[in-house]
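The values are calculated or read from the model by the stated rules, or taken from the named source; none is laboratory data. Given the structure is predicted, the values throughout are model-derived calculations rather than measurements. Note that each Cβ is placed from the backbone with ideal geometry, even for glycine, and that neighbours are counted across all protein chains shown. Only protein heavy atoms, including side chains, enter the accessible area calculation; ligands, DNA and RNA are left aside. Shrake-Rupley method; radii C 1.70, N 1.55, O 1.52, S 1.80 Å.
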Amino acid sequence: MMKIGILLFEGVEELDAVGPYEVFAWAGVKREDFVTVFTVAQTIDPVRCNKGMRVLPDYSFETAPDLDVLLIPGGSGIMKQTSNEAILAYVREQAARCAWVTSVCTGAWLLAASGLAAGKRVTTYWGLTGELRRLDSSMKVLDDVRFVRDGNMVTSAGVSAGIDMALWLIGEWADPAFARSVQKGIEYFPAPPYTALV
């Protein structure tokens with residue numbers, strides 16, 4: 001069973017974490033012994049998210065099992081985490097053994113701060129690609145993409161793009177038909193209400 005850990009920290013963006021969590025959890029329900037998903041934080045104290053939601057992490061860094069997949073969400077608290085040596089050490093340690101290392105939105109800042117994104121193609125929230133470029137000029141930061149893969153690293157654009165990335169990952173691990181069945185199960189068929197307006 002593939003173990004997926006979603007990193008939590010103060011100021012994490014809710015949907016960056018919960019959107020992919022829903023995709024992975026649904027896949028785990030549809031296929032037993034396929035994936036399991038849980039949250040990991042520096043401690044198991046409640047985490048206050050970007051817009052006020054409070055979440056209780058499943059594991060601390062000390063108690064979490066080794067991961068097959070690390071997912072790093074973004075959020076207003078990410079800049080503080082780029083100088084948090086405990087989080088950077090955890091990210092590097094897990095990345096060294098993970099099959100996949102992923103981020104949503106400004107979660108890419110932790111990949112850059114940890115040195116993991118050096119020389120890689122990455123993306124982030126559309127309004128912050130310029131800032132990400134300034135963090136490490138060796139990274140090739142892509143604009144106007146929902147997610148991008150470079151080796152075993154997958155980074156996605158902002159918020160809902162993490163759902164797209166998670167569905168793609170499920171398709172890579174199983175097959176596209178299964179990913180589509182998960183998409184249908186969570187009824188994720190974006191149809192923005194104002195697309196007809198000109």
query: Looking at (1) more than 21 Å from residue 102 (Cα to Cα); (2) open to solvent by less than 80 Å² (accessible area, probe 1.4 Å), which is the only condition residue 33 fails?
result: (2)
query: For residue 140, are the conditions met, namely being open to solvent by 60 Å² or more (accessible area, probe 1.4 Å) and in contact (Cβ under 8 Å) with a residue 12 or more places away in the chain?
result: yes
- prompt: Is segment 80-91 home to any residue that is open to solvent by 50 Å² or more (accessible area, probe 1.4 Å), part of a loop (DSSP other than H, G, I, E, B) and not aromatic (Phe, Trp, Tyr)?
  reply: yes
Only one of 149, 133, 180 that is assigned to a strand (DSSP E or B) and charged (D, E, K, R): 149
task: Evaluate segment 188-195: report whether one residue or more is surrounded by fewer than 16 Cβ atoms within 10 Å (Cβ to Cβ) and either touching a helix residue (DSSP H, G or I) at 6+ places or on another chain (Cβ under 8 Å) or part of a strand (DSSP E or B) (or both).
output: yes
query: Is there a residue being modelled with pLDDT of 95 or more and open to solvent by 90 Å² or more (accessible area, probe 1.4 Å) anywhere in segment 54-61?
result: yes
- request: May I ask you to list the residues in segment 1-56 that are part of a loop (DSSP other than H, G, I, E, B) and of a type in the set (A, V, I, L, M)?
  value: 1, 8, 44, 53, 56
query: Would you pick out the residues in segment 62-79 that are open to solvent by less than 40 Å² (accessible area, probe 1.4 Å), in contact with a helix residue (DSSP H, G or I) (Cβ under 8 Å, 6 or more places away or on another chain) and under 19 Å from residue 105 (Cα atoms)?
result: 69, 70, 71, 72, 73, 74, 75, 78
statement: Log entry, pairs with first residue in segment 109-131 being under 13 Å from residue 157 (Cβ atoms) and open to solvent by less than 40 Å² (accessible area, probe 1.4 Å), second being in a loop (DSSP other than H, G, I, E, B) and at pLDDT below 95, beta carbons closer than 7 Å, six or more apart or on different chains, reads none
